[in-house]
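K.L.:
Structure in structure tokens, see below.
The values are calculated or read from the model by the stated rules, or taken from the named source; none is laboratory data. Being a predicted model, the structure only gives us computed values, none of them experimental. In this analysis, Cβ positions are derived from the backbone assuming ideal geometry, glycine residues included, and neighbour counts consider all displayed protein chains. Ligands, DNA and RNA are stripped out before the accessible areas are found, and what is left, the full protein with its side chains, is counted by its heavy atoms. Shrake-Rupley method; radii C 1.70, N 1.55, O 1.52, S 1.80 Å.
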Amino acid sequence: MKRTLESIVPTNTVLEGGGFKVRRPAAMGRLMSPFLLLDEMGPVVYAPGEAVGAPSHPHRGFETVTYLLAGGMQHADSAGNSGDLNPGDVQWMTAGRGVIHSELPQDHMMEHGGKMHGFQIWVNLPAKDKMMPPRYQDIPSKDIPEATSEDGTVWAKVIAGEALGTSAVIDTVIPITYIHMKMQPGATYAHACEADHNVMVYTFGGSVAIEGRSLHDGGLGLLSPGDSVELTAEEDGAEFLILGGPELDEPIARYGPFVMNTRQEIYQAVEDYNNGTLA
Ligand code: FE2
């Protein structure tokens with residue numbers, strides 16, 4: 001059965017971290033499970049000295065996934081990992097029982113300014129995996145599979161899951177689909193989906209039609225159940241993310257950077273952080 005565009009969640013522009021401009025869907029309801037957050041960072045052009053990021057902060061109970069399109073970030077964390085994120089790179093960070101990390105613009109961005117654009121999504125972990133050891137997958141752009149349709153009108157970067165017969169290299173705790181797609185005007189692409197997954201499309205350029213309903217720039221479209229979705233780029237072409245994953249159907253207790261199942265587990269996370277035993 002083909003999926004339809006069931007509802008469209010508009011995005012708000014908000015300031016995050018030290019004043020970082022993000023576009024974020026106005027409601028992140030249970031329909032988005034297993035995703036907890038979808039932030040489009042920028043696009044923004046910083047003047048010299050103006051770039052901002054998120055200094056040292058903790059996470060527990062979920063994964064943060066950063067995908068950069070323009071600019072440069074530097075990440076460092078409590079496990080001693082550090083690295084640069086450049087355009088096209090992905091950092092898939094599984095916080096599990098706890099990490100403390102910083103996510104900052106690279107020095108040259110701070111000094112000289114420049115364009116910054118990218119995504120950060122938060123993927124929830126099932127209760128049984130929330131306290132797993134932290135895991136990092138820093139994948140440079142060249143190692144992330146890309147695919148193009150035979151006629152050249154559809155392009156995909158396969159961060160997680162599968163598209164155009166190409167499978168991702170990133171290992172996810174629960175099965176996740178995360179595809180960046182670009183389609184030329186009038187191009188059509190039929191994407192196969194797990195029938196029991198929640199699937200959504202976030203458009204950030206042009207607009208895409210799904211079963212006759214249009215999803216414009218900045219719209220998050222939640223799809224009806226089904227095992228495929230047919231996407232057609234409208235007159236300006238379309239650039240969007242396809243996100244999918246299983247419904248976790250577990251209680252969510254959330255406090256800032258901690259996402260657990262119960263209040264008690266949140267108190268424990270705060271206590272562990274204050275005692276210096278979180279990470
Ligand atoms: Fe973070």
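K.L.:
Can you show me the helix-derived [θ] at 222 nm for the chain, built from DSSP H runs with n ≥ 4 at -39,500 (n - 2.57) apiece and divided by the number of residues, rounded to the nearest 500. Show your work: numbers first, answer last.
P.N.:
Values: 2 runs with 19 residues, N = 279.
Here the helix-only value at 222 nm equals -2000 deg cm²/dmol.
K.L.:
Based on the Cβ-Cβ distance of Thr148 and Arg213, what FRET efficiency does E = 1/(1 + (r/R0)^6) give at R0 = 22 Å, to the nearest 0.05?
P.N.:
Numbers: r = 26 Å, r/R0 = 1.20.
The pair Thr148/Arg213 has a calculated efficiency of 0.25.
K.L.:
Give the cross-link partners of Lys2 among the lysines, using a straight C-alpha distance below 24 Å as the criterion and excluding same-chain residues fewer than 8 apart.
P.N.:
Correct list for Lys2: Lys157, Lys182.
K.L.:
Are there any trypsin sites (Lys or Arg not before Pro) in the stretch 1-70 that are in a DSSP loop and have at most 16 other Cβ atoms within 10 Å? List them by number. Kindly include the intermediate steps, with their values, before the conclusion.
P.N.:
Values: sites: Lys2, Arg3, Lys21, Arg23, Arg30, Arg60; in loops: Arg3.
Those that pass, being in a loop and sparsely packed, number zero.
K.L.:
Stretched out fully, how many nm does the piece from Ala27 to His108 gain, at 0.36 nm a residue minus the Cα gap? The partial results should precede the final answer.
P.N.:
On the way: separation 81, 0.36 × 81 = 29.16 nm, distance 3.49 nm.
Using 0.36 nm per residue and subtracting the Cα-Cα distance, I get 25.7 nm.
K.L.:
Taking a quarter of the surface of the Cα convex hull of the chain, what do you get in nm²?
P.N.:
Working: hull surface 56.2 nm².
Computed as one quarter of the Cα hull surface, the answer is 14.0 nm².
K.L.:
May I pose another question? What FRET efficiency do you get for Asp236 and Glu50 if R0 is 41 Å and r is their Cβ-Cβ distance, rounded to the nearest 0.05? Intermediate results must be reported in sequence, preceding the final value.
P.N.:
Details: r = 30 Å, r/R0 = 0.73.
E(calc), rounded to 0.05, equals 0.85.
K.L.:
If you filter the stretch 2-62 for GluC sites (Glu not before Pro), then keep DSSP loop positions with at most 14 other Cβ within 10 Å, what is left?
P.N.:
Values: sites: Glu6, Glu16, Glu40, Glu50; in loops: Glu50.
Hits after loop and neighbour filter: Glu50.
K.L.:
Still on this structure: With 25 Å as the cut-off, how large is the P(r) tail for the stretch 136-279, expressed as percent of Cα-Cα pairs?
P.N.:
Working: 4129 of 10296 pairs.
Of the Cα pairs, 40 percent sit more than 25 Å apart.
K.L.:
Filter the chymotrypsin sites (Phe, Trp or Tyr not before Pro) in the stretch 1-75 down to the DSSP loop ones having no more than 12 other Cβ atoms within 10 Å, then list what survives. Don't jump to the answer; show the numbers that get you there.
P.N.:
Values: sites: Phe20, Phe35, Tyr46, Phe62, Tyr67; in loops: none.
Passing sites in the stretch 1-75 do not exist.
K.L.:
Assuming 1.002 mPa s and 20 °C, estimate D for the stretch 82-167 with Stokes-Einstein, Rh taken as the Kirkwood radius over Cα pairs, in µm²/s.
P.N.:
Numbers: Rh = 15.6 Å.
Approximately 138 µm²/s, per Stokes-Einstein.
K.L.:
Under the rule a/c < 1.5 gives rounded, and otherwise a/b versus b/c splits prolate from oblate, where does the stretch 1-156 land using the Cα gyration tensor?
P.N.:
Working: a/c = 1.35, a/b = 1.10, b/c = 1.22.
Rounded, because the longest to shortest axis ratio a/c is under 1.5.
K.L.:
Follow-up. Under 17 Å Cα-Cα from Lys21, which lysines qualify once same-chain neighbours fewer than 8 residues away are excluded?
P.N.:
Hits, sequence-local ones excluded: Lys115.
K.L.:
Keeping the other protein chains in place, figure out the carbon and sulfur percent of the accessible area of the stretch 75-119, with a 1.4 Å probe.
P.N.:
Answer for the stretch 75-119 is 48 percent, counting heavy atoms of protein chains only.
K.L.:
Place a point 7 Å from the Cα of Ser7 along the Cα-to-Cβ direction; which residues of the stretch 221-246 have their backbone N under 16 Å from it?
P.N.:
So the set is 221-225.
K.L.:
When ligands, DNA and RNA are left out and all protein chains stay put, how many square angstrom of accessible area per residue does the stretch 113-204 have with a 1.4 Å probe? Can you show the working numbers first?
P.N.:
Numbers: 3830 Å² over 92 residues.
On a per-residue basis, the stretch 113-204 sits at 42 Å².
K.L.:
Would you mind getting me the FRET efficiency between Gln137 and Gln268? Use the beta-carbon distance for r and R0 = 35 Å, nearest 0.05.
P.N.:
Result of the calculation: an efficiency of 0.85.
K.L.:
Still on this structure, please answer the following. How much of the pair distance distribution for the stretch 202-279 lies past 18 Å, counting alpha-carbon pairs only, in percent? Walk me through the intermediate numbers first.
P.N.:
Values: 1762 of 3003 pairs.
Here the tail beyond 18 Å accounts for 59 percent of pairs.
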